[in-house]
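Everything below concerns the one structure shown next.
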Amino acid sequence: NMPRVDAFLKHYLEKKYKFDWWAFSRCSTFSVENVKLLKLLKKTHCTKIMFGAESGSPKILKFIKKHINPEDIIKSCRVVSKYKIDPDYTFMSGFPTETIDDLHMTMSVITDLTKINPKTGVRLFSFCPTPGIPILSDCKKVGFNIPKKIEDWSKYEYHSFIAPWITKKHQEKIKILVWITSFYSDNTKPGSGNVLLDLAIRFMNFDAKFRLNNNFYYLPFEWKALYRIYSQHYTVQ
């Protein structure tokens, strides 16, 4: 909504505000360099723009009607980073019709983004069905039993829902990659304020970078342990 954005930026400058802020946007909005807008965003202390990229697979982006392509995701990172604004992307895996090759395309885009700008935030989530979404009918076709009561939806959680329609290999890789991407970016990795815990987090950050940058997922015992700890504290499917 550009009139709303313009009004906000104008008001910010008129009032001579100094606070930092960040926003959500679409990759297609920044896949082309709008110099005037980007200079204003930088001038008004916009520090981060978050994008819902969802997938690096053209097939999946078309299936979920995202109206973007992988090139838009990459271009948005280059454009925003040029103005010293940090981009941040969320992805999902486990959609109906998705294959492990589609997941690999997503991971390839994720590593490309961090090569463009090491400060780029990236996260991967398990696709999780929720009440009323249009894709629910596709989930039903491939074996998902739609809960009849609203309370029954509470056991489905986006960090750990594993879709019954994807292969076991695909499921296991999602479990690992959800956690690896959470620790992958320096800007989005967790922090605790506890010296010992932060030391462990730093190790996980290093481990995540090594595994993802080298596409090395052999014996991921540390990430499986983290998933197990998480699953013991939350209700998961």
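The values are calculated or read from the model by the stated rules, or taken from the named source; none is laboratory data. A quick note: this is a predicted structure, and the numbers were derived from the prediction, not measured. Here the Cβ is made from the backbone with ideal geometry for all residues, glycine too, and neighbour counts use every protein chain on show. Each accessible area value is taken on the protein alone, full model and side chains, heavy atoms only, with ligands, DNA and RNA left out. Shrake-Rupley method; radii C 1.70, N 1.55, O 1.52, S 1.80 Å.
What you get for the chain, charging only the Cβ of Lys and Arg (+1) and of Asp and Glu (-1), is a dipole of about 580 debye around the Cα centre.
Averaging Cα coordinates gives a centre for segment 44-58 and one for segment 164-222; these two points are 20 Å apart.
Under the rule a/c < 1.5 gives rounded, and otherwise a/b versus b/c splits prolate from oblate, where does segment 14-57 land using the Cα gyration tensor? Each step should come with its number before you reach the end.
Values: a/c = 4.00, a/b = 1.86, b/c = 2.15.
Oblate, because a/c is 1.5 or more while a/b does not exceed b/c.
Residues whose amide H falls under 5 Å from that of G56, counting only those 5 or more places apart or on a different chain, are T106, with hydrogens built in the peptide plane. Computed about its Cα centre, the charge dipole of segment 6-76 is approximately 160 debye, with only Lys, Arg, Asp and Glu carrying charge at their Cβ. Based on protein heavy atoms only, segment 19-85 ends up with 54 Å² per residue of surface accessible to a 1.4 Å probe.
Taking 2.2 N^0.38 Å as the expected size of a compact globular protein, what ratio does the Cα radius of gyration of segment 80-139 give against it, to two decimals?
Rg over 2.2 N^0.38 Å, computed on Cα atoms: 1.38.
Counting every pair of alpha carbons in segment 94-237, the share spaced more than 28 Å apart comes to 24 percent. Using the 1.4 Å probe convention, the accessible area of segment 171-225 works out to 57 Å² per residue with neighbouring protein chains retained.
In the distance distribution for segment 152-193, Cα-Cα pairs more than 18 Å apart total 42 percent. Surface composition of the chain: carbon and sulfur atoms hold 58% of the protein heavy-atom accessible area at a 1.4 Å probe. Near the amide H of G121, under 5 Å away, which other amide H atoms are found, from residues 5 or more places off or on another chain, if H is placed in the peptide plane? Sorted by chain and number, the residues that satisfy this are D88, Y89. Projecting the Cα positions of S55, T114, L136 onto the charge dipole of segment 1-143 (unit charges on Cβ atoms of Lys, Arg, Asp and Glu, taken about the Cα centre) puts T114 furthest along the positive direction.
Shown for segment 29-108 is the translational diffusion coefficient from the Stokes-Einstein equation, using the Kirkwood radius over Cα pairs, a temperature of 10 °C and a viscosity of 1.306 mPa s: 118 µm²/s.
Using mean Cβ contacts within 10 Å as the protection proxy, how do 148-155, 100-107 order, highest first?
Details: 148-155: 9.6, 100-107: 18.6.
Going from most to least packed, we get 100-107, 148-155.
Which links in K18/K75; K141/K209; K43/K65; K140/K169; K16/K84 stretch past 27 Å when you go from one Cα to the other?
K18/K75; K141/K209; K43/K65
Legend: translational diffusion of segment 118-161 by Stokes-Einstein, Rh = Kirkwood radius over C-alpha pairs, 4 °C, 1.567 mPa s; D = 107 µm²/s.
Other residues whose C-beta falls under 14 angstrom from the C-beta of K62 contribute a net charge of -3, scoring Lys and Arg +1 and Asp and Glu -1. The magnitude of the dipole of segment 73-178, with charges of +1 and -1 set on the Cβ of Lys/Arg and Asp/Glu and taken from the Cα centre, is near 200 debye.
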